[in-house]
1. Being surrounded by fewer than 19 Cβ atoms within 10 Å (Cβ to Cβ), assigned by TED's automatic domain parsing to the domain that holds residue 397 and under 25 Å from residue 265 (Cα atoms) narrows it down to one residue among 346, 326, 365, 357; which is it?
2. Within segment 182-190, is there a residue that is among the basic types (Lys, Arg) and outside the structural domain of residue 102 (by TED's automatic domain parsing)?
3. Anything in segment 298-329 that is part of a helix (DSSP H, G or I) and among the charged types (D, E, K, R)? List them, or say none.
4. Name, by its number, the condition in (1) at pLDDT below 85; (2) of a type in the set (Ser, Thr, Tyr); (3) touching a Lys or Arg at 6+ places or on another chain (Cβ under 7 Å) that does not hold for residue 149.
5. Going residue by residue through segment 204-211, is there one that turns out to be in contact with a Pro (Cβ under 8 Å, 6 or more places away or on another chain), surrounded by 11 or more Cβ atoms within 10 Å (Cβ to Cβ) and in a helix (DSSP H, G or I)?
6. Are any residues in segment 235-255 in contact with a helix residue (DSSP H, G or I) (Cβ under 7 Å, 6 or more places away or on another chain) and not β-branched (Val, Ile, Thr), and if so, which ones?
7. Which members of segment 64-76 meet the condition of being surrounded by fewer than 19 Cβ atoms within 10 Å (Cβ to Cβ) and assigned to a helix (DSSP H, G or I)?
8. Give all pairs with beta carbons closer than 8 Å in which a residue from segment 110-131 that is within 15 Å of residue 55 (Cβ to Cβ) meets a residue that is part of a loop (DSSP other than H, G, I, E, B); count only pairs at least 6 apart in sequence or on separate chains.
Amino acid sequence: MDVRRLPPERARRAWTRVGIALAHTARSVRREATDGWSAARRAPRRTVTTGTLAVVSAAALGLIPLLLLPPERPVLAVLEALYAACLIPLRRYRPVVAVLGTGPLLVGPNVWVLALVPLILVSATRRITPPRRAWLAAGVACAVSVVLTAAGSLIVPGPWLTDTVGNAISAVLLVLLPALAGTLLGRRRPLVSLLRERNAYLEQARSLTAAAARMEERTRIAGEMHDLLGHRLSLISVHAGALEMAAARQAPPLAGQAELLRTTAGTAMEELRDILGLLRREEVTSEPEAGRPEAGRGTHEDVAALVAESRRAGVDVELIWSVPDTADPSPRTRQSVHRVVREGLTNVLKHASGAPTRVEVVAVTGTAGEVEVSVTNTAPRSDRHPQPGNRSGLVGLEERITLLGGSFTAGPLRGGGFRVAARLPSRPNGMPPLAVPPPPTNDPTAGPTTHTGTRPPLSTEVLTWPRVLGAGCAAALVVLPTVAFLFLLLAMAVLR
């Protein structure tokens, strides 16, 4: 239609429509460029780097062979290589456009860019949902290649039938088969996501079930301790009070020992209440709350009180405290110091009563805030008969200090004494993760493996591996004819 032969009014309307169409096209191009740049800026650096390397590699694959084997139309071959490189980033953000853009690559003079067509199609079609959109885009790309072949045969006379059949075969092997492989992998993606969500749900359910079971067991233990030990300790405290009053009237020299028995029974009752509260709490490793009895443990006054009680019980004990006030250890560290000193003095009273003992709490110099506590006693007198023990207290101490990130040692000395020592961080950052037991092995030379607690859930890779293997094998079988056809085309291009 010649606009100059139209009436002025119709000509103005026609030019207006053309201007509106051009402006709309320019806005669409600008909007696509802006969206693409924003998506590239929001993408992770690893994704941007991988995409850039892919574009550069695609351009090199299409341009470098042209230097060795010059084509008949070099300018068109170079433009085709650059066009194929531009389709690489589109496969991620505009997969339908990338699939449609592969149609012209099948009829171009640059045979080397045909190796990029299956890769673009597999990567793009697996991102298109639903799959019928991917098949529609692949069909349109094949139709575009056929139309361009027919148009090229009209412009440049030649064996149009041979070219049409060859491009049709290329469309089937380089477009339809990779599209089938991409849709197979695309159907696998929702399944993998569903299995991952299912495994995360099962893992969370397992963790909640284990936590509920632990809480129930601890509540049951707390109830048993309250019913049994609480009653017995209350009777001991009542009888110790009566004994103290009787000793004050009838045997004044024994009044101090009776008072010690009463105060010890009262302290044991308070500690039992603390343990019961600790068992009924959800987190054992939480910080002691302000105002609770355990919040003031591990201080200089608290350790001095433990030493004074041991002296009244007949232990010759000396306290060395060299922790500056500026150190200010955390409540968990101070509570562990209290536990180490109490366990060490209890062991001295049970197994080496009367032996000289030294309690040391020092700040370790040259380290990032550590406290070292030790209880050391010499060999007991030969006339003392130590009580038997099972080392359960030392085992519990070692576990507690290891969880805080410290070190613990306990053992006999060369001269016949015994030493309990621990090195603790003043400000532990957090509890280290519990060690996960290794998986069972089929090696007959390996020792037995012990599993404790609930069994950890299977990893997502194990859950999805059969599906991944099936989809991967199917995609590989589909793409094998494409790979063979590409090798044939490239070999023919080299032999020419």
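The values are calculated or read from the model by the stated rules, or taken from the named source; none is laboratory data. Here the structure is a predicted model, which is why all the values come from computation and not from measurement. We place every Cβ from the backbone using ideal geometry, glycine too, and count neighbours over all the protein chains shown.
1. Values: 326 fails: under 25 Å from residue 265 (Cα atoms); 365 fails: under 25 Å from residue 265 (Cα atoms); 357 fails: surrounded by fewer than 19 Cβ atoms within 10 Å (Cβ to Cβ).
Result: 346 is the single residue among 346, 326, 365, 357 that is surrounded by fewer than 19 Cβ atoms within 10 Å (Cβ to Cβ), assigned by TED's automatic domain parsing to the domain that holds residue 397 and under 25 Å from residue 265 (Cα atoms).
2. Checked segment 182-190: no residue is among the basic types (Lys, Arg) and outside the structural domain of residue 102 (by TED's automatic domain parsing).
3. Selection gives 301, 302, 309, 311, 312.
4. (3)
5. Taking segment 204-211 and keeping what is in contact with a Pro (Cβ under 8 Å, 6 or more places away or on another chain), we get 206.
Filter once more, keeping what is surrounded by 11 or more Cβ atoms within 10 Å (Cβ to Cβ): 206.
The next check asks that each one be in a helix (DSSP H, G or I); those that pass are 206.
Yes, segment 204-211 contains a residue that is in contact with a Pro (Cβ under 8 Å, 6 or more places away or on another chain), surrounded by 11 or more Cβ atoms within 10 Å (Cβ to Cβ) and in a helix (DSSP H, G or I).
6. The answer is 237, 240, 241, 243, 244, 247, 248, 254, 255.
7. 64, 66, 67, 68, 74, 75, 76
8. Pairs that qualify, where the first residue is within 15 Å of residue 55 (Cβ to Cβ) and the partner is part of a loop (DSSP other than H, G, I, E, B), are 120/102.
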